[in-house]
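The next block holds one structure in the form of structure tokens; read it before the comments.
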Amino acid sequence: MSPGRLIAVVGPSGVGKDSVMAGLHAAMPELHLVRRVITRAPDLGGEDYHAVSVPEFERMAAAGAFAVHWGAHGLFYGIPADILDLLERGTDCLANFSRKALTRAAASCPRLVVLNVTARPETLARRLAARGRETEAEIARRLAQADKPLPAGLEVLTLSNDGALSDTVARAMALLHPARA
């Protein structure tokens, strides 16, 4: 049995990563949907995550609890180390990722695939405002970061999410499993 793939879903804030991931998981339940550890207050909506304090996160990181971890936008994020066992057993794992953590992920997970979700700037601005988590200034800073490049040398599949979610999920499935399409 070949190892599973870590499918790192990346894209700017507001692009719909969590919605695309939920749609993929619903259509392909064999995908393991990774629950990240985040130093964010609990129950803020969006993804299902494990909320921890910064000191708790630091203790977890020091104890080797994460396959990959990073900081962004004043928060810390961790991908639990238990995915390494799942990958070894051949399970594909789907995780919301930061572009800046992809190189570390590739070092830990040799079968890394990057699903780069994109959307037009006006789509991003509308979605960020609707979720109500950031101020206008914070939204402007996130939009300014939307076109950051991905590290070179990775397998990258690019997916536009400006239209209907069902269409986006169908295209994502075809990109991830072209033999099924």
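Throughout, read-outs are computed from the coordinates displayed, never taken from laboratory work. Everything numeric in this text was worked out from a predicted model, so none of it was measured. Positions of Cβ are generated from backbone atoms using ideal geometry, with glycine treated the same way; all protein chains shown enter the neighbour counts.
Some notes on this structure:
- For segment 1-61, a Kirkwood hydrodynamic radius built from all Cα pairs, placed in the Stokes-Einstein relation at 20 °C and 1.002 mPa s, yields a translational diffusion coefficient of 158 µm²/s.
- P(r) tail fraction, segment 55-160 - alpha-carbon pairs more than 18 Å apart, %: 58
- Among beta bridges that DSSP assigns inside the chain, antiparallel share in %, nearest 5: 30
- The modelled label-to-label distance for the pair Val156/Glu134, using points 7 Å beyond Cα in the direction of Cβ, is 2.0 nm.
- Model label sites at Asp167 and Ala61, defined 7 Å from Cα along the beta-carbon direction, differ in position by 4.1 nm.
- Relative contact order for segment 1-159, counting Cα pairs under 8 Å that sit 6 or more residues apart, in percent: 35
- Net charge of neighbours whose Cβ lies under 9 Å from the Cβ of Trp70, counting Lys and Arg as +1 and Asp and Glu as -1: +2
- Among Arg171, Arg40, Arg126: highest mean-square fluctuation, GNM of the chain, C-alpha pairs under 10 Å: Arg126
- The residues packed around Leu115, meaning those with a beta-carbon under 11 Å from its beta-carbon, carry a net charge of +2 if Lys and Arg are +1 and Asp and Glu are -1.
- Every helix of 4 or more DSSP H residues in the chain counts as -39500 (n - 2.57), and over all residues that averages to -10500 deg cm²/dmol at 222 nm.
- Nearest-20 debye value, the chain charge dipole, Cβ charges on Lys, Arg, Asp, Glu: 320
- Counted charge near Pro151, where neighbours are those whose Cβ lies closer than 9 Å (Asp, Glu -1; Lys, Arg +1): +2
- Fewest-first ordering of Tyr49, Tyr77 by other beta carbons within 10 Å of each residue's beta carbon gives Tyr49, Tyr77.
- Gaussian network model of the chain, springs between alpha carbon atoms under 10 Å - residue of Gly78, Gly90, Gly11 with greatest fluctuation: Gly90
- As a rough footprinting exposure proxy, the listed residues Asp92, Asp85, Asp162, Asp43 were ranked by other beta carbons within 10 Å of their own, and the order from fewest upward is Asp43, Asp85, Asp162, Asp92.
- Exposure proxy ranking, count of Cβ atoms within 10 Å, fewest first, for Arg127, Arg59: Arg59, Arg127
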